[in-house]
Every structure is written in structure tokens, then in C-alpha cells.
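The block underneath contains the structure these notes are about, expressed in C-alpha cells.
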């Protein structure tokens, strides 16, 4: 993946039809209206699944090669889609959210990302220039204490609103509140000229063979089996 990024990254950045920016206007995305119209339903689904927050997968369990970003249990994930692969049982917990995501094929990954109280993610940058990052804020009890810094520019989450940014800039996220901060965390295919768009989609498809991608996907599959096994044993959901 590093070799691909080194070769194609500069071309993807130059070809970005939105220009070289750190933050973008999310309203340019067709999915923005769907999220706005359906936020109450999405939030209701989140409110149900977050009851099992303690069973969510810690970040470093899913991505052990990225412990430099987070190495405690205060960043937890619940996958709906990763590198184009759907997590069927998880999607069944959030059917309305999944229905919206399936309408928009340029969303290639989507998961609930929860930062625990007083959690900061260490500075890092995304490994691949073919995507942009989109957050739908689900639960932000104290917005003035929750923010993301992208290349020196700060953005704050507001419930029901979107943040759209280029994660290849060095960035970090902070939840300095006493409560959980949760977003629907998505990777969006970068808008590119036709020939680069085809190459980008091909890379995303074959990326599943790279350890950087298949290890997290495999680990989340294992977590998913354990998560639903607890349900079958009659534990509280």
C-alpha cells in the first residue's frame, strides 16, 4: 500500500476535483441530505447499539499495527462496512443507516467511532490519497470540548452535522469532556478524473489482499462472532 501511495498519491492529490483543502463543504455530497432527513432514525439506532459500548472493539484490537494512534480501550469501533465489505449482522442493528449508505457507492467504509471521556488520539495521517474522510456527529454532549485538528485547522462536531476533510494531512482528535463522543466515521472516494477514478476503485477492491486492510477486517469478523455469541447466551443487549 505504501508503494501505491508513493506512486499514485501525488496524482490523486493533483486530480482532486475539490481542490487541495483541509476541510470541505459536506453539502456537496448527495448523502448529506439523506443524513439530515433521517438523523432522528439514525440516532435512535445508535442509542440502542451504544448500550453495548463495553463490548465494542477497541481500536488497537482491530488495527494492532497502528497502536501509535491509540493503545488503550478509550477508542472503540462498530463496523458497518470496511473496504467495500459489509458486516451483515452489524448492519442489521442499524437498518436505516445501512439503507442510506447503500444508496451511495462512493462511501467505501463506515463504522461507529466512539471516543471515551478525556481521550485524545495521537497525531497521524491517513495512508491513502484516494479517499477523503466524512464524519456524521451522533453524540457530542459538550461540543466545545470535542474537536479535530487537521493540518493546523480545527473543526468541531455538532450533533446531526457533517465534517468533511482530507485525512492525509496530519491530524488528531480530542474528547476532553466527561462523556462519550460518537460519530459515524466514513471513507469517501475522492472525486477524480475518469481514468484516475477507475484506477482508484480498482486499488480499493484489491486492497483487501494487503495486511493493512485484511488484518483489521479479519479481526473485526472474529469480534463480530464473539459479540453475537454473547447475544445467544442471553446476555443483555
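Values in this text are rule-based calculations from the coordinates and carry no lab data. Model, not experiment: these values are computed from the prediction. For neighbour counting, all protein chains shown are included, and Cβ atoms are generated from backbone atoms with ideal geometry for every residue, glycine included.
How high is the relative contact order of the chain, in percent, with contacts defined as C-alpha pairs under 8 Å that are six or more residues apart? Before the final figure, lay out each step's value.
On the way: 408 pairs, mean separation 61.0, N = 237.
This gives 26 percent for the chain.
Give the calculated FRET efficiency between residue 99 and residue 51 to the nearest 0.05, with a Förster radius of 22 Å applied to their Cβ-Cβ distance.
Working: r = 22 Å, r/R0 = 0.99.
With R0 = 22 Å, the Cβ-Cβ based efficiency is 0.50.
Given R₀ = 25 Å, FRET efficiency for residue 21-residue 176 by Cβ-Cβ distance, to 0.05? Write down the numbers at each step before the final one.
Values: r = 26 Å, r/R0 = 1.04.
Using R0 = 25 Å, I get an efficiency of 0.45.
Sketch the reach of a paramagnetic label on residue 124 as a point 7 Å from Cα along Cα-to-Cβ, and name the residues of the range 43-80 whose backbone nitrogen lies under 16 Å away.
57-79
Distance from the Cα centre of the range 54-82 to that of the range 148-182, in angstrom?
17
Okay, helix-only estimate at 222 nm for the chain: each DSSP H run of n ≥ 4 adds -39500 (n - 2.57), divide by all residues, round to 500 deg cm²/dmol; what do you get?
Numbers: 7 runs with 86 residues, N = 237.
Using -39500 (n - 2.57) per qualifying helix, the result is -11500 deg cm²/dmol.
Any chance you could check the Cα centroid distance between the range 16-44 and the range 93-142 for me, in angstrom?
When both Cα centres are located, 12 Å separates them.
Report, in degrees rounded to the nearest 10, the 0 to 90 angle that the Cα long axis of helix 31-49 makes with the longest principal axis of the chain.
30
Starting with the fewest neighbours, write out 133, 201 ranked by other beta-carbon atoms found within 10 Å of each beta-carbon.
Details: 133 20, 201 17.
Ordered from fewest to most neighbouring Cβ atoms within 10 Å, 133, 201 come out as 201, 133.
With the Cα gyration tensor of the chain giving a ≥ b ≥ c as the square roots of its eigenvalues, does the rule (a/c under 1.5 for rounded; else a/b larger than b/c for prolate; else oblate) give rounded, prolate or oblate?
Values: a/c = 1.43, a/b = 1.28, b/c = 1.11.
In terms of gyration-tensor shape, rounded.
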